[in-house]
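Following: one structure in structure tokens, then a few remarks.
The values are calculated or read from the model by the stated rules, or taken from the named source; none is laboratory data. A quick note: this is a predicted structure, and the numbers were derived from the prediction, not measured. Note that each Cβ is placed from the backbone with ideal geometry, even for glycine, and that neighbours are counted across all protein chains shown.
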Amino acid sequence: MDKIDILSLDLSELETALAEIGEKRFRAKQIFQWLHVKRVFDFDKMTDISIQLRQRLNEIFCINGLFVQKRLESSMDNTVKYLYRLPDGNFVETVLMEYSYGYSICVSTQVGCKMGCRFCASAIAGYVRDLAPSEILMQIYQTEQDAGIRVSGVVLMGIGEPLDNYDNVMKFLELISHKSGNDMSLRHLSLSTCGIVPKIYDLAEKKLQLTLCISLHSADNDRRSEIMPVNRTYNISELLKACRYYIERTGRRITFEYAVIDGVNSSDSDADRLADLLRGINCHVNLIPVNKVKERNYSTARSGVADFAKRLGKRGINATVRRTLGSDIEAACGQLRRDAEKS
């Protein structure tokens with residue numbers, strides 16, 4: 001019989017699992033706190049639990065750790081990029097970023113990605129599978145242990161499309177914010193999606209108070225469909241209708257991400273079209289210098305991004321240019337995994 005992935009269980013599920021083997025329900029909270037508060041991932045080290053129960057836990061449950069395959073530290077800004085090897089031999093990437101207010105971590109939600117965005121390296125090595133809630137969590141827990149820090153913010157913007165792994169991501173959000181566990185406010189968490197419209201509606205109903213980031217990257221349907229195949233299924237009009245609904249239901253402002261790509265979406269007319277599209281929406285635009293990907297011929301002039309931001313500002317759209325971190329270690333998603341899969 002396969003062992004149960006205990007880190008993917010919420011507290012009530014753990015209570016039920018322990019009750020089924022004749023244990024008191026209060027034991028579940030002890031174990032839950034060992035895992036999510038004390039970050040102890042060895043049943044034998046849970047010292048306020050009897051030896052007999054520890055033996056039973058080892059028989060029934062597993063704690064799947066991640067293995068650091070590669071760790072790159074930027075000499076420019078202390079950004080650290082991890083290539084984690086999963087127990088099944090697949091790889092995911094995690095990036096730890098230092099800011100004046102503390103540490104933020106960018107985590108992956110899938111092994112690979114199905115979305116096929118032309119400017120992103122994540123899909124090049126192919127989609128393999130979804131990550132379990134525990135595998136998303138452990139990117140945070142093990143990075144914190146390795147770096148000797150606690151993160152204050154989490155970004156679901158690594159490899160994979162979070163809303164394509166909806167159920168596991170929702171379970172991860174429940175676990176990371178549980179009052180008896182890690183107890184992180186979801187106001188400190190951002191979820192980035194390329195625009196899977198039905199799941200945006202589902203997310204709106206949950207009213208989670210996280211920051212929803214929409215990868216837009218063009219205000220023109222034909223151009224967006226060229227660089228983001230998801231637009232062929234959910235076009236810009238459908239996407240913005242879902243965004244307005246999300247804002248109405250949650251009261252939260254949306255961030256629109258826009259990778260400025262020279263010769264693709266970077267002209268003054270592109271900025272004007274974007275301003276017209278977003279006028280009246282409670283939003284912020286995050287402009288991103290596109291990351292260089294070996295297999296793609298896209299580039300961004302830094303001055304061009306600044307000019308794009310100024311033009312949006314003159315049209316009444318709040319826009320900032322994302323700070324580039326870890327450029328000397330290829331901190332953008334997918335590049336380490338791609339190389340690891342090749343080798």
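Kindly evaluate residue 116 against the criterion of being of a type in the set (Gly, Ala, Ser), in contact with a Pro (Cβ under 7 Å, 6 or more places away or on another chain) and either surrounded by fewer than 16 Cβ atoms within 10 Å (Cβ to Cβ) or not in a loop (DSSP other than H, G, I, E, B) (or both). If you could, list the steps in order and put the result at the bottom.
Details: of a type in the set (Gly, Ala, Ser): yes; in contact with a Pro (Cβ under 7 Å, 6 or more places away or on another chain): yes; either surrounded by fewer than 16 Cβ atoms within 10 Å (Cβ to Cβ) or not in a loop (DSSP other than H, G, I, E, B) (or both): yes.
Yes, satisfied.
Here is a yes/no grid of residues against (1) in contact (Cβ under 8 Å) with a residue 40 or more places away in the chain; (2) among the basic types (Lys, Arg); (3) crowded, with 20+ Cβ neighbours inside 10 Å:
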{"residue": "4", "(1), (2), (3)": "yes, no, no"}
{"residue": "26", "(1), (2), (3)": "no, no, no"}
{"residue": "33", "(1), (2), (3)": "yes, no, no"}
{"residue": "55", "(1), (2), (3)": "no, no, no"}
{"residue": "106", "(1), (2), (3)": "yes, no, yes"}
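Is there a residue in segment 53-63 that is under 15 Å from the mean Cα position of the chain (by Cα) and in a strand (DSSP E or B)? The answer is no; no qualifying residue exists. In the set 218, 266, only one residue is in contact with a strand residue (DSSP E or B) (Cβ under 9 Å, 6 or more places away or on another chain) and either aliphatic (A, V, I, L, M) or more than 29 Å from residue 187 (Cα to Cα) (or both); that residue is 266.
Could you check, for segment 238-247, whether at least one of its residues is farther than 24 Å from residue 114 by Cα and not hydroxyl-bearing (Ser, Thr, Tyr)? Checking segment 238-247: at least one residue is farther than 24 Å from residue 114 by Cα and not hydroxyl-bearing (Ser, Thr, Tyr).
With the structure loaded, tell me whether residue 81 is basic (Lys, Arg), under 20 Å from the mean Cα position of the chain (by Cα) and within 25 Å of residue 211 (Cα to Cα) or whether it fails that test.
Values: basic (Lys, Arg): yes; under 20 Å from the mean Cα position of the chain (by Cα): yes; within 25 Å of residue 211 (Cα to Cα): yes.
So residue 81 fits the description; yes.
Looking at (1) more than 24 Å from residue 177 (Cα to Cα); (2) part of a loop (DSSP other than H, G, I, E, B); (3) outside the structural domain of residue 129 (by TED's automatic domain parsing), can you tell me which one residue 76 breaks? For residue 76, the failing item is (3).
Condition check ((1) at pLDDT 85 or above; (2) within 20 Å of residue 115 (Cα to Cα)) across all residues:
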{"site": "257", "(1), (2)": "yes, yes"}
{"site": "262", "(1), (2)": "yes, no"}
{"site": "271", "(1), (2)": "yes, no"}
{"site": "283", "(1), (2)": "yes, no"}
{"site": "295", "(1), (2)": "no, yes"}
{"site": "312", "(1), (2)": "yes, no"}
{"site": "327", "(1), (2)": "no, no"}
{"site": "330", "(1), (2)": "no, no"}
{"site": "334", "(1), (2)": "no, yes"}
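This table checks each residue for (1) touching an Asp or Glu at 6+ places or on another chain (Cβ under 6 Å); (2) surrounded by fewer than 17 Cβ atoms within 10 Å (Cβ to Cβ).
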site: 8; (1), (2): no, no
site: 12; (1), (2): no, yes
site: 21; (1), (2): no, yes
site: 37; (1), (2): no, yes
site: 40; (1), (2): no, yes
site: 48; (1), (2): no, yes
site: 60; (1), (2): no, yes
site: 78; (1), (2): yes, yes
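Just one of (1) polar (S, T, N, Q); (2) under 14 Å from the mean Cα position of the chain (by Cα); (3) within 26 Å of residue 128 (Cβ to Cβ) fails for residue 211. It is (3).
Could you say whether any residue in segment 95-103 is over 27 Å from residue 182 (Cβ atoms), of a type in the set (D, E, K, R), surrounded by fewer than 22 Cβ atoms within 10 Å (Cβ to Cβ) and out of contact with any Pro (no Cβ under 8 Å at 6 or more places or on another chain)? Before the answer, list the steps.
Residues of segment 95-103 that are over 27 Å from residue 182 (Cβ atoms), as a first pass: none.
Checking segment 95-103: not a single residue is over 27 Å from residue 182 (Cβ atoms), of a type in the set (D, E, K, R), surrounded by fewer than 22 Cβ atoms within 10 Å (Cβ to Cβ) and out of contact with any Pro (no Cβ under 8 Å at 6 or more places or on another chain).
Looking only at segment 246-269, residues that are crowded, with 17+ Cβ neighbours inside 10 Å and touching a Gly at 6+ places or on another chain (Cβ under 8 Å) come to 2 in all.
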